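Every read-out reported here was derived from the displayed coordinates using simple, explicitly stated rules and does not represent laboratory data. Everything numeric here is computed off the predicted structure, so don't read it as measured data. Ideal geometry is used to build each Cβ from the backbone, glycine not excepted, and the neighbour counts take in all protein chains shown.
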Amino acid sequence: MLADRHERTTLTAVSTGEKWDVNYVESFDDARASSNRLAAPVILLDRDWPGLEWRVAVETLASSPHRPCVILSSKVSDDYLWDELIRLGGYDIVAKPLGTGEIVRIVRLALAFWRNMASVISSNSKPSLLQKLEGRS
């Protein structure tokens, strides 16, 4: 959810080089529906999206069943904002205007984190060897 056309252009250019699939939405309801339909691992959310309470959006999107990493795009970035974002279930903050190197770094880390967490969750849901041996699988 990026409101600024220049930021969308920057993200599109970066995503082409990184081979990321990027989907833009025009409302929070579209973001929530797209995120769930696509099981999007990373969501970039503009803190200044018109008419949107970013705290509610972060909390709602981050609590989706596939647990995406929600990155907040913000003109300000300080420890208070970062702490609040993490408390709400968000992943990180990227400064506006978007810089190519910074967005690549943050999204790559978020993707690696998401894949690792998905792998841990998947392995925890499988019966353990001890459970199999004891006939409890």
Original post:
Once phi is turned into ³J(HN,Hα) by the Karplus curve 6.51 cos²θ - 1.76 cosθ + 1.60 with θ = phi - 60°, what whole-Hz value does each residue of region 87-98 show in order, with x for glycine and proline?
Top reply: 4, 7, x, x, 9, 6, 10, 10, 6, 9, x, 5
Subject >> Using alpha-carbon coordinates, inclination of helix 100-125 to the longest axis of the chain, degrees >> reply: 20
Original post:
Under the definition of Cα pairs under 8 Å and six or more residues apart, what whole-number percent is the relative contact order of the chain?
Top reply: 22
**OP:** Give, to the nearest whole percent, the P(r) tail of the chain beyond 22 angstrom, counting all Cα pairs.
**Re:** 39
Original post:
Taking K and R as +1 and D and E as -1, what net charge do the other residues with C-beta under 14 Å from the C-beta of Arg105 add up to?
Top reply: -2
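By how many nm would the segment from Arg87 to Thr100 grow when fully extended, if each residue of separation counts as 0.36 nm and the alpha-carbon distance is taken off? Don't skip to the answer; put the middle values down first.
Working: separation 13, 0.36 × 13 = 4.68 nm, distance 2.69 nm.
Contour length minus the Cα-Cα distance gives 2.0 nm.
Tell me, in nm to one decimal, what length is gained between Glu53 and Tyr80 on full extension, where the rule is 0.36 nm per residue of separation less the Cα-Cα distance?
Numbers: separation 27, 0.36 × 27 = 9.72 nm, distance 1.71 nm.
Stretched out fully, the Glu53 to Tyr80 stretch lengthens by 8.0 nm.
Classify region 1-48 as rounded, prolate or oblate from the Cα gyration tensor: take a ≥ b ≥ c as the square roots of its eigenvalues, call it rounded if a/c is under 1.5, otherwise prolate when a/b beats b/c and oblate if not. Could you put the intermediate results ahead of the total?
Working: a/c = 2.37, a/b = 1.20, b/c = 1.98.
Judged from the Cα gyration tensor, region 1-48 comes out oblate (a/c at least 1.5, b/c at or above a/b).
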Subject >> Karplus-derived HN-Hα couplings along region 57-74 (A = 6.51, B = -1.76, C = 1.60, θ = phi - 60°), whole Hz, x at Gly and Pro >> reply: 4, 4, 4, 5, 5, 5, 8, 4, x, 8, 6, x, 8, 9, 9, 8, 8, 8
